[in-house]
Number of protein chains: 2
Amino acid sequence: MVPQMSVVVVSNRGPLSFGFGSDGELVTRRAAGGLASTLGAAVQGSGATWVAAAITEADRAAAAKGSVEAEGFRLESLVVDDDAYRMFYDVISSGTLWYLFHNLFDLPRRPRIDRRWREAWAAYRSVNEQFAAKAADVADEGATVLVHDYHLLLVGRMLADRRPDLRSVHFSHTPFCEPMTIRVLPDDVAVELFEGMAGYRSCGFHSPRWAANFRACSEAVIGHTPPTYVSYAPADADDISDVAASPACAEQLASLENRIGDRQAIVRVDRIELSKNLLRGFHAFEDLLQHRPEFRQRVVFAASVYPSREGLADYLAYRQEVQSLAERINETWATADWTPILLDMSDNFARSVAALRRYDVLLVNPIRDGLNLVAKEGAIVNERDGVLVLSREAGVYDVLAEHALAINPFDVSGTADAIADALTMAGDERKQRAAALREIAVARSSADWLAEQLEAAHSS
Amino acid sequence: MVPQMSVVVVSNRGPLSFGFGSDGELVTRRAAGGLASTLGAAVQGSGATWVAAAITEADRAAAAKGSVEAEGFRLESLVVDDDAYRMFYDVISSGTLWYLFHNLFDLPRRPRIDRRWREAWAAYRSVNEQFAAKAADVADEGATVLVHDYHLLLVGRMLADRRPDLRSVHFSHTPFCEPMTIRVLPDDVAVELFEGMAGYRSCGFHSPRWAANFRACSEAVIGHTPPTYVSYAPADADDISDVAASPACAEQLASLENRIGDRQAIVRVDRIELSKNLLRGFHAFEDLLQHRPEFRQRVVFAASVYPSREGLADYLAYRQEVQSLAERINETWATADWTPILLDMSDNFARSVAALRRYDVLLVNPIRDGLNLVAKEGAIVNERDGVLVLSREAGVYDVLAEHALAINPFDVSGTADAIADALTMAGDERKQRAAALREIAVARSSADWLAEQLEAAHSS
């Protein structure tokens with residue numbers, strides 16, 4: 001609920017996606033993905049306007065008909081030129097800023113700031129201009145504008161210039177890097193980026209660690225920093241509980257139980273993404289099999305990992321490595337009636353939720369992660385007092401650490417030891433920890449998160 | 001000269017190396033490499049004792065005969081068990097700490113802190129113990145101990161415990177990373193490392209940037225930091241001038257002139273090392289050929305790059321990439337009488353110095369580099385008022401920036417533009433800049449550097 005306040009949400013991907021039905025008519029669906037579903041739930045019924053890019057052909061067809069009235073909000077789709085959008089999205093957003101903020105570049109080889117990259121940066125600026133223009137166009141006098149993620153960093157300055165009456169804030173869903181990492185960017189680009197963000201009234205992050213890094217970078221690059229705020233995004237408890245209670249999920253769980261039998265299950269649910277640390281997760285599992293023979297044949301590792309960003313060569317290579325490693329470990333350790341790793345690479349949400357219901361140990365071991373909602377989602381739907389093994393480099397670590405087993409994600413043998421501790425933890429302690437995690441996971445609603453963004457816009 | 005002071009130098013690689021002559025007798029040579037030759041020159045005649053590892057079979061044969069008296073100093077060789085030395089050197093020193101301090105890990109894949117790594121860390125500690133024991137053994141009462149580089153970080157605490165009468169300081173030849181990068185290490189290892197360094201009276205670096213990073217890391221890990229000092233190592237001007245004046249160098253220069261003809265020459269001289277940014281150097285050259293047709297056939301890029309650390313798979317792969325890229329660019333652009341890139345991968349110091357005498361543009365574009373002496377060595381021996389194109393991420397940038405053309409090493413098109421500016425710079429400006437660079441490069445002697453290390457030991 002957002003009473004007495006005119007709100008515009010701006011994000012690259014919107015809360016609705018469109019498709020064509022069997023006879024070519026437009027069909028509207030709720031979009032998948034963290035931001036859209038979580039913030040979408042909060043915005044429902046608020047009367048807010050949501051500005052987002054028309055990404056698919058169906059999105060464009062819908063956009064051509066004007067804005068769309070949905071459950072209590074209005075969607076304004078932005079149609080961007082295809083080539084510009086690809087450079088904005090692939091080269092700068094996914095290919096540069098995402099890597100930069102996660103500090104995940106293999107620096108001897110990437111990035112390569114060349115003339116094509118410079119063109120892409122111009123496209124990034126231009127797409128940000130189009131978002132800013134659209135937002136300026138639809139915002140009421142004095143409206144509050146909530147802009148999301150690394151795709152739209154420059155919108156702050158652009159909106160401040162066009163519409164000084166608006167109160168705009170930003171929220172980053174990624175981590176933020178340290179000043180030496182920012183030096184990868186050409187100086188003029190770095191200045192433009194931080195001046196862009198300084199146009200917001202405040203910049204929000206999932207963790208004080210990311211906010212502190214951002215302020216240090218902004219100080220280093222432009223000599224000052226906008227205010228920052230910290231606000232943990234909630235898991236969408238209702239949504240995931242609905243899926244957990246669905247017949248589709250029950251079917252998936254039955255099939256999973258069939259394969260796991262009476263064994264213990266380590267589970268992970270992740271996009272196949274460089275930050276998620278899938279390789280070291282498998283190495284840790286193999287270390288466990290090697291050094292703790294009592295777990296052989298008694299444990300399976302159900303890895304629900306689905307492809308992501310397959311347009312980037314890096315991601316295709318990583319997917320291959322993940323698959324090869326899992327196969328190699330299975331070849332090394334499998335017996336006639338036991339497959340150590342159940343690798344599921346299909347993008348099936350009901351199946352992932354089934355795995356979360358069934359885990360004895362949930363492995364969440366990212367190298368670096370803005371937040372990581374899976375850790376909370378697991379706590380909400382798990383039915384076995386499963387233990388959370390959690391990387392200290394995830395934003396969600398700040399609030400869940402006390403009830404999880406903490407790991408350094410680079411430490412493979414340390415991760416194996418933590419998994420062994422989790423697998424052998426006494427029932428009482430498991431129960432107590434699981435209850436505490438669940439309590440934290442359901443305590444925050446998407447309305448809280450939205451309220452904190454609005455507060456940031458009005459207190460600074 | 002080190003009057004009235006008893007000094008012990010401790011480093012992994014010593015100032016002498018041994019070999020077997022044709023009839024099996026031991027032959028003593030001055031060791032190659034920056035630290036040994038630079039500090040060696042300063043220590044000559046000081047009466048200091050130098051503790052270093054016996055690395056080759058001949059080193060061990062020499063060590064078996066006891067300490068070696070050389071030109072005014074005494075070498076005490078330390079014989080370390082082969083397996084322990086390999087883990088100390090390959091896994092921890094070259095394979096972990098070097099990457100860490102340069103922030104050059106491809107984090108989704110490396111490092112992998114596993115049980116083998118833990119064994120290697122124990123070996124690193126044990127080899128450090130052996131160095132500390134040897135130093136404690138040979139040091140006079142109240143002696144000053146100068147310990148060098150990332151191989152021997154723990155010696156500080158060990159010496160402080162064994163011999164509180166000694167004054168020991170450390171000097172790092174690498175950069176130092178930021179606190180988030182240090183989190184790659186397991187906590188107990190990070191604490192041991194910074195407690196080890198806190199045992200020194202002071203820790204020295206080539207640049208205030210590395211010193212500031214070190215202090216921030218030490219504060220983050222153990223809550224306090226030892227004092228730091230900054231001292232730029234000098235180029236060994238006498239040594240490189242001697243080589244430049246040698247008949248061997250004259251012969252190499254003639255052969256190089258033959259290939260270059262009346263064209264302008266861009267030169268680089270580097271070990272093939274991930275930090276040196278060889279790939280982007282070639283990409284920048286190709287950008288120049290592509291966008292500035294006037295340079296085609298008129299410029300060659302003489303790259304004197306010699307293999308390094310070929311025991312590491314990563315380095316072998318990188319060498320392949322470097323070679324393939326150079327070949328591909330030559331295939332794309334070469335004409336009947338012009339080969340754009342002259343790639344020389346032999347380790348021939350006289351040939352490298354010949355290239356430094358001949359450059360019109362010296363490209364020094366590391367991703368990150370503790371100091372980089374080539375920039376100074378080039379200024380000393382160059383005979384054509386050549387222009388220095390210098391990465392802002394090299395330690396030496398602090399003192400040479402004003403007279404060089406600065407680049408962001410990730411910025412390929414920016415690097416190409418800087419090279420074009422250098423190639424077309426007016427003679428007067430070239431002359432003035434080259435003179436200024438030469439003046440700075442010869443201003444400091446190795447005695448100055450040694451004196452600053454001793455001062456750091458006695459002022460803190």
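The values are calculated or read from the model by the stated rules, or taken from the named source; none is laboratory data. Just so it is clear, the model here is predicted, and its values are computed rather than measured. Here the Cβ positions follow ideal geometry from the backbone for every residue, glycine too, while neighbour counts run over all protein chains shown. The accessibility values were calculated without ligands, DNA or RNA, using every heavy atom of the protein model including side chains. Shrake-Rupley method; radii C 1.70, N 1.55, O 1.52, S 1.80 Å.
Give me the one-decimal Kirkwood hydrodynamic radius in Å for the protein assembly as shown, with the sum taken over alpha-carbon pairs. Evaluated on the protein assembly as shown, it is 30.3 Å. Tally Lys and Arg at +1 and Asp and Glu at -1 over the other residues with C-beta under 12 Å from the C-beta of B:L16: what net charge comes out? Computed value for this residue: 0. Taking Lys and Arg as +1 and Asp and Glu as -1, the other residues whose beta-carbon sits under 12 Å from that of A:A245 total -3. Projecting the Cα atoms of B:N128, B:A451, B:H102 onto the dipole axis of chain B, where Lys and Arg carry +1 and Asp and Glu carry -1 at the beta carbon, places B:H102 farthest toward the positive end. To check you understand DSSP bridge types, tell me what percent of the beta bridges within chain B (both residues inside) are antiparallel, rounded to 5. For chain B, the DSSP antiparallel bridge percentage is about 15. A Förster radius of 25 Å combined with the Cβ-Cβ distance from A:W338 to B:R115 puts the calculated FRET efficiency at roughly 0.60. Rolling a 1.4 Å probe over the heavy atoms of the protein chains gives the protein assembly as shown an accessible area of 36 Å² per residue.
Tally Lys/Arg at +1 and Asp/Glu at -1 over every other residue whose Cβ is under 13 Å from the Cβ of A:Q44; what's the total?
Surrounding charge for A:Q44 is -3.
Residue by residue along A:95-104, Cβ atoms of other protein chains within 10 Å of the local Cβ number 1 on average. Each Lys and Arg Cβ is given +1 and each Asp and Glu Cβ -1; about its Cα centre, chain B then shows a dipole of about 500 debye.
From the alpha carbon centroid of the stretch B:102-181 to that of the stretch A:174-206 is 36 Å. Taking a ≥ b ≥ c as the square roots of the eigenvalues of the Cα gyration tensor, the stretch B:237-441 is classed as rounded, since a/c falls below 1.5. Shape of the stretch B:358-460 from its Cα gyration tensor (a ≥ b ≥ c, root eigenvalues): rounded if a/c is under 1.5, otherwise prolate when a/b > b/c, or oblate? Since a/c reaches 1.5 but b/c is at least a/b, the shape of the stretch B:358-460 is classed as oblate.
Against the main long axis of the alpha-carbon atoms of chain B, helix B:427-443 sits at an angle near 10°. Positive-end ranking of B:A248, B:P340, B:H403 along the dipole of the stretch B:237-441, with charges on Cβ about the Cα centre, is headed by B:P340.
The stretch A:395-460 and the stretch B:1-77 have Cα centres lying 56 Å from one another.
Remark on the stretch A:275-307: accessible area falls by at least 50 square angstrom from chain-alone to full-complex state for A:R280, probe 1.4 angstrom.
Once the Cα atoms are used to define both axes, helix A:115-138 deviates from the longest principal axis of chain A by about 70 degrees. Take A:A401, move 7 Å from Cα toward the beta carbon, and the resulting point lies 3.5 nm from the same point in each other copy, nearest first. Quick check for you: which residues of the stretch B:278-299 have the amide N under 17 Å from the point 7 Å beyond the Cα of B:D262 toward its beta carbon? Answer for the stretch B:278-299: B:295-299. When the accessible areas of A alone and B alone are added and the area of the pair subtracted, with a 1.4 Å probe, the result is around 4100 Å², both sides summed. About its Cα centre, the protein assembly as shown has a charge dipole of approximately 40 debye under the convention of +1 per Lys or Arg Cβ and -1 per Asp or Glu Cβ, with nothing else charged.
In nanometres and ascending order, the distances from the A:E129 label point to those of the other copies are 6.7 (point 7 Å from Cα along Cα→Cβ). Computed over protein heavy atoms with a 1.4 Å probe, the carbon and sulfur contribution to the accessible area of the protein assembly as shown reaches 48%.
Based on the alpha-carbon gyration tensor of chain A and its eigenvalue square roots a ≥ b ≥ c, which shape applies: rounded if a/c is under 1.5, prolate if not and a/b is larger than b/c, or oblate? List each step's numbers first, then the result.
Numbers: a/c = 1.73, a/b = 1.54, b/c = 1.12.
Cα axes put chain A in the prolate bin.
Within the stretch B:107-153, the residues that become at least 10 Å² less accessible when every protein chain is included than when their own chain is isolated (1.4 Å probe; DNA, RNA and ligands ignored) are B:L107, B:P108, B:R109, B:P111, B:R112, B:I113, B:D114, B:R115, B:R118.
Rounded to the nearest 10 degrees, the inclination of helix A:313-333 to the longest alpha-carbon principal axis of chain A is 10 degrees. Inter-copy label distances at B:R60, using a point 7 Å along Cα-to-Cβ, come to 7.0 nm with the shortest given first. How large is the helix-only mean residue ellipticity at 222 nm for chain B, computed as the sum of -39500 (n - 2.57) over DSSP H runs with n ≥ 4, divided by its residue count, in deg cm²/dmol to the nearest 500? -14000 deg cm²/dmol, from helical runs alone.
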